[in-house]
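Laboratory data are not the source of any read-out in this text; all were calculated from the coordinates shown. In this text the structure is predicted, and so the values were computed from the model without any measurement. Cβ sites come from the backbone with ideal geometry, for glycine too, and all protein chains shown count toward neighbours.
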Amino acid sequence: EHPTMPARVTPSQSRPAQGFTLIEVMVTVAIIGILAAVALPSYQAYVVRGKIPEATAGLATRQ
């Protein structure tokens, strides 16, 4: 090659890689799954606690 000619740039060097790797996506999905598994029982208990006063009020108005 001529000393003043720029070196060839391969496609991987010309621009940074875009997107996510399969491993990154799998780790993210696993973390979301773990968080959902931990949060779901608490959320269900919260919903039940919210329905109790509503049901009590409904019964009180029927008497």
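Looking only at region 23-48, which residues have a backbone nitrogen under 11 Å from a spot 7 Å from the Cα of E54 in the C-beta direction? The answer is 47-48.
Listed values for region 43-48 are Karplus-derived 3J(HN,Hα) couplings in whole Hz (6.51 cos²θ - 1.76 cosθ + 1.60, θ = phi - 60°), namely 5, 5, 5, 4, 5, 5, and x replaces Gly and Pro.
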